[in-house]
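What follows is one structure encoded as structure tokens, with my remarks underneath.
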């Protein structure tokens, strides 16, 4: 515990109590480290329609992947491919049985004895407009990808937060250039369900929707904040609280008007 006493006016001091271990680090990771995290936690999903997911949990040799419901809402055979090129098949028997009841989120699982990285979750309510975030995912096959799905990683910025959005899509972010339409900010099919990471490489949202805004005549890239997932799964994040604001107090004074708290 660090105690800071600062004289601000005659007869008053500013008392600040700071627990140094409780201040979350605001230092951004190097872009190379964020890129590495994104690649290792992002998985490619192939099936009825292509999509992306992110590894959010491990229990023994069972890994849980978070994605969009619209990626895996149809019964059928699917495959998860991890960053090392390994493929893990899974099956959806009952449509939407693994989906959130309202938000566009779903959980799927695969089994592996290999050690895969699990993404760190963060409190998405702490996001602010203007924050830099990073989008990761596997785009669909296109004319510029030679018939193959390609991995994409891009930095972008939070431009909107709307708590009343449908299907949980309350986070809007700047677009990025579509490889099949060079020079245009356009949606990337196949990247639905991919992670959106903050500047410390923590998961803050799930990518998933490109919507045309009739009011401004342009499209918006939308994502579901990760707090929708943590609430759904009753996950309590172990995140320290930021210390409260400093308080101004009037200390006891000596007859010569010396402030005792300052050491006289």
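The values are calculated or read from the model by the stated rules, or taken from the named source; none is laboratory data. Predicted, not measured: the structure shown is a model, and the values here were computed from it. Reconstructed Cβ throughout: ideal geometry from the backbone, glycine too, with neighbour counts over all protein chains shown.
Among strands (runs of 3 or more DSSP E) lying entirely in the range 145-264, which contain 2 or more residues that are at pLDDT 65 or above, farther than 15 Å from residue 68 by Cα and touching a helix residue (DSSP H, G or I) at 6+ places or on another chain (Cβ under 9 Å)?
150-161
Which one of these is without any contact (Cβ under 8 Å) to a residue 60 or more places away in the chain and in contact with a helix residue (DSSP H, G or I) (Cβ under 9 Å, 6 or more places away or on another chain): 82, 74? Show your work before the answer.
Values: 74 fails: in contact with a helix residue (DSSP H, G or I) (Cβ under 9 Å, 6 or more places away or on another chain).
None of the others qualify; the one that does is 82.
Which of the residues belonging to the range 49-73 are surrounded by fewer than 17 Cβ atoms within 10 Å (Cβ to Cβ) and either in a helix (DSSP H, G or I) or touching a strand residue (DSSP E or B) at 6+ places or on another chain (Cβ under 7 Å) (or both)?
Correct list: 57, 61, 62.
Look at the range 100-139 and say how many of its residues are within 11 Å of the chain's Cα centre (by Cα), crowded, with 19+ Cβ neighbours inside 10 Å and not in a loop (DSSP other than H, G, I, E, B).
Residues meeting the conditions: 6.
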